[in-house]
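Okay, so here's the structure we're looking at.
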Amino acid sequence: MTSITVFGAGSWGTALADHLSRAGYNVVLWCRRAEQARAINTTGHNPDYLADIDLFPGLTATSELKEAIDLGERFVMAVPTQNVRSFLLTAKGALPARFSLCNVAKGMEISTGRRISEIVEEILPEVRYTVLSGPSHAEEVARKKPTAVVAASKWPEEAQAWQKIFTAGYFRVYTSNDVTGVETGGAVKNVIAIAAGIAAATGLGDNALAALVSRGLAEVMRFGAKTGAHPLTLAGLAGIGDLMVTCYSDLSRNYRLGKAVGLGAKPEQALRELGQVAEGYYTVSALVSQARKLGVELPITEAVYRILYEGIPPAQAVDELFSRELKPEVSPEIYWAPNQEE
């Protein structure tokens, strides 16, 4: 049976490591802190994330990075997006020259605006990269709730291999070759989810939330079209599917961050109280910068950025959104064609 190392023992890494262990794989979960690894090995629980979940007895944890690498044949990366670069640079010397890597994090790097696949290609150009994304709260996966996601890779055999590895019982995986689309959907939806949380907390109503999610999808598709994503990808699990689950659920960290801000908390305070990474807080900065460079209009994203980083009141952001110039619902730039010219 294939041995799989999962890098990152947060909620998502823990849930997937447990899932893969129960599917019959030899799984090693790499933890950043030694005390976390010891607790998992001795108690069968992750003390910091999903603490009430009984982990599969065969799951092994370690804080020794080289040991985790040496024990794996395939690798899953569940490292927060803003830590991916430093993690890969640290691990690079111990990793084989060419290996299979499945990334499950979502977001964009603030300092460069790059998606995770682009960071991986820069540091480890020989890696056979796959991204797994879709509507998938870690808490529900850990509790064996039915979940469907998509695995995307430019190597069809890699997407299919990870599809077979992850698919078991309640967890179903589809395949795609649109890495850009899958990563874009997973990154941008976190920003829209913050807006949804703000809307819910400030009592804007169901009409407003439905409009927000719909127009949020338009922003996902406009940005995706400019960067090469296929619109059908963004109409699927990694796009509208992930957008819906993130914008309507208290299990979403980005939604909860938005609710806290909507109720009056400062973003820094809300992040501290959240106690977990809300990738949308960081992604919005990178996304605004990239959209401005590319000439893509993202008014909801801009509004979230101004609320979080410039301190404008949510009510002002709503007024500004509703006073914008009138436009058709479907703008020309949302259309897509392969190898389109800039």
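The values are calculated or read from the model by the stated rules, or taken from the named source; none is laboratory data. Here the structure is a predicted model, which is why all the values come from computation and not from measurement. Glycine also receives a Cβ, built like all others from the backbone with ideal geometry; neighbour counts cover every protein chain displayed.
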Margin query: Any residue that is in contact with a Lys or Arg (Cβ under 7 Å, 6 or more places away or on another chain) and not in a loop (DSSP other than H, G, I, E, B) - is there at least one of those in the range 215-227?
Written below: yes
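Residue by residue, here is whether (1) within 28 Å of Leu217 (Cβ to Cβ); (2) crowded, with 22+ Cβ neighbours inside 10 Å holds:
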site: Arg98; (1), (2): no, no
site: Ser111; (1), (2): yes, no
site: Ser117; (1), (2): yes, no
site: Val120; (1), (2): yes, no
site: Leu124; (1), (2): no, no
site: Pro135; (1), (2): yes, no
site: Ala159; (1), (2): yes, yes
site: Asp178; (1), (2): yes, yes
site: Val182; (1), (2): yes, yes
Of the residues in the range 130-145, those that are in contact (Cβ under 8 Å) with a residue 60 or more places away in the chain and part of a loop (DSSP other than H, G, I, E, B) come to Gly134, Pro135, Ser136, His137, Arg143
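Here is a yes/no grid of residues against (1) farther than 12 Å from Val131 by Cα; (2) at pLDDT below 95; (3) in a strand (DSSP E or B):
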position: Val150; (1), (2), (3): no, no, yes
position: Lys154; (1), (2), (3): no, no, no
position: Glu158; (1), (2), (3): no, no, no
position: Trp162; (1), (2), (3): no, no, no
position: Thr175; (1), (2), (3): no, no, yes
position: Val182; (1), (2), (3): no, no, no
position: Gly185; (1), (2), (3): no, no, no
position: Val188; (1), (2), (3): yes, no, no
position: Ala195; (1), (2), (3): yes, no, no
When every residue in the range 234-266 that is free of Cβ contacts under 8 Å to residues at least 60 places away in the same chain and surrounded by 24 or more Cβ atoms within 10 Å (Cβ to Cβ) is compared, the one farthest from Pro314 (Cα to Cα) is Leu234
Residue pairs qualifying under the 7 Å Cβ cut-off, at least six apart or on distinct chains, with the first in the range 112-129 being free of Cβ contacts under 8 Å to residues at least 60 places away in the same chain and farther than 14 Å from Val79 by Cβ and the second being crowded, with 20+ Cβ neighbours inside 10 Å and of a type in the set (D, E, K, R), are Arg128/Glu158
Filter the range 39-70 for residues that are in contact with a Ser or Thr (Cβ under 6 Å, 6 or more places away or on another chain) and surrounded by fewer than 19 Cβ atoms within 10 Å (Cβ to Cβ); the one that is farthest from Ala286 (Cα to Cα) is Gly58
